[in-house]
Amino acid sequence: MKITELCLLAVACLTIGMAAAQQPPARTNLVGAVQTVDPASGQIVLKADDGSVVKISEHVGVRVIRLPPGEKNVANAVKIALGDIGPGDRLLARGELSADKTSLTASTLLVMTKADIAQKQQADQAEWQKRGVGGLVTAVDATTGQLTINTRTAEGMKPLIIVANDKTTIRRYAPDSVRFADAKSGTLADIKPGDQVRALGDKSEDGTHYAAEELVSGSFRNVAATVTSIDPATNTMKVMDLTTKKPLLVHVNADSTMRKLPEMMAKMIAMRAAGGAGGAGGGSGNWPGAGGGQRPPGAPGGATSAQTGAPAGGAGGQGPGAPGGQGGSGGARAGRGDMQQMLEHMPAIKLEDLKPGDAIIVSSTAGADPGQVTAITLVAGVEPILSAAPAGSQRAASVLGSWNLDMGGNMGGMQ
């Protein structure tokens, strides 16, 4: 994805702020999602990104403009009517905020429509599928702006040197968050061996280097476990980590994807876990998209945890998902490490569908507390997979390492 819609609004916000530098300091910029619109009264209810709900009313002479998909210059925005704004649109409102911060009289309303956002996400997803690479980081040299990943090629696993420069947009998934929208700006120095990265750019003619325009990284954790208790009221479950032999608290939320593998599919993957299909190798170029389906999204991109397809699993059970994803049968995709797309077609389940004793594999970001995780993806029906690798549950967990990051749908960050 060249630039997320959220970033575009941030650029627009900066532009408007600069243009209004001579205006009274009481002016405020609010960015969020439109909940309701009343054209008759000229009032909009906005759910701001900070969680607050603000009523927006029009100032005399208000400017209502729409920013087309991919456009970063507010000067190219198109004038629209208030009635053209609808629920689900992204909105930047500039004006005078009330003392209690519950209402704002807007002098400028900058809109990115829901349809435009969807169009942008589709274009981003296609670009990540075409020009994106991803994999497990094996080395980082922040002084030269280079990092090395392992990627899957027709000839097998090979190293690829990703080159970043001062124009490369670098973002990193936040600890304990499964949403790409929560990713923060970062630097190459934030990335460590064992992390997963996804880059958008161009490969050199000899195929050894990759010039990155965008780079997203994160520390991820795959856990093979058995369920010990379930609490639907708090959306949590207690499990026993089969690798560490320690209890773990798993949180699930609206951004978590929960699937159950059919028995035949689980047995097929079990063959891979046992080494019959090449073992649980390192990352591939297929990530979840930030879209695709949020499942993430995810939806942004590729599969849906990107959009979701993540690089194939790596050592230590680490591995995020990213945009990307290729066609083919579920078995072929599993063999290439592109598990996310396969999981997209598996039956969805709820927390209540699980019971003590069930075997699961959970993918999450590495959080601050090793005793609990928030699930990006949770897969049940994995008993055959864990049985195939009884001496190394961590290895079994890494077999599904390609599904853990939802960069797809979530990459859009415009939910």
Point to revise | Sole residue being in contact with a helix residue (DSSP H, G or I) (Cβ under 9 Å, 6 or more places away or on another chain), modelled with pLDDT under 90, buried (at least 21 other Cβ atoms within 10 Å of the Cβ) and of a type in the set (A, V, I, L, M), chosen from 147, 136, 109 | key: 136
Practice item. Being over 22 Å from residue 102 (Cα atoms) and hydrophobic (A, V, I, L, M, F, W, C) is the filter; apply it to the range 53-74 and report the residue that is modelled with the lowest pLDDT. Key: 74
Point to revise | Condition check for residue 1: at pLDDT below 80, in contact with a Phe, Trp or Tyr (Cβ under 8 Å, 6 or more places away or on another chain), under 30 Å from residue 212 (Cβ atoms) and not in a strand (DSSP E or B) | key: yes
Review point. Restricting the range 201-243 to residues that are polar (S, T, N, Q) and within 18 Å of the chain's Cα centre (by Cα), which is surrounded by the most Cβ atoms within 10 Å (Cβ to Cβ)?
Key: 222
Check your understanding: Residues in the range 381-397: is at least one modelled with pLDDT of 90 or more and either at positive phi or open to solvent by less than 10 Å² (accessible area, probe 1.4 Å) (or both)?
Key -> yes
Practice item. Say whether the condition of being open to solvent by 40 Å² or more (accessible area, probe 1.4 Å) and β-branched (Val, Ile, Thr) is met by at least one residue in the range 65-76. Key: no
Check your understanding: Looking at residue 198, is it open to solvent by 40 Å² or more (accessible area, probe 1.4 Å), under 25 Å from residue 254 (Cβ atoms), modelled with pLDDT under 90 and basic (Lys, Arg)?
Key -> no
Review point. Residues in the range 11-52 that are open to solvent by 60 Å² or more (accessible area, probe 1.4 Å), modelled with pLDDT under 50 and either within 29 Å of the chain's Cα centre (by Cα) or of a type in the set (A, V, I, L, M) (or both): how many?
Key: 4
**Study point:** Selected residue (criterion: least open to solvent (accessible area, probe 1.4 Å)) from residues of the range 251-266 that are part of a loop (DSSP other than H, G, I, E, B), hydrophobic (A, V, I, L, M, F, W, C) and over 16 Å from residue 367 (Cα atoms)
**Key:** 261
Point to revise | Those residues of the range 161-174 which are surrounded by fewer than 23 Cβ atoms within 10 Å (Cβ to Cβ) and either more than 20 Å from residue 205 (Cα to Cα) or in contact with a strand residue (DSSP E or B) (Cβ under 7 Å, 6 or more places away or on another chain) (or both), in sequence order | key: 161, 163, 166, 167, 168, 169, 170, 171, 172, 174
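The values are calculated or read from the model by the stated rules, or taken from the named source; none is laboratory data. Model, not experiment: these values are computed from the prediction. Reconstructed Cβ throughout: ideal geometry from the backbone, glycine too, with neighbour counts over all protein chains shown. SASA here: full protein model, heavy atoms, side chains in, ligands and nucleic acids out. Shrake-Rupley method; radii C 1.70, N 1.55, O 1.52, S 1.80 Å.
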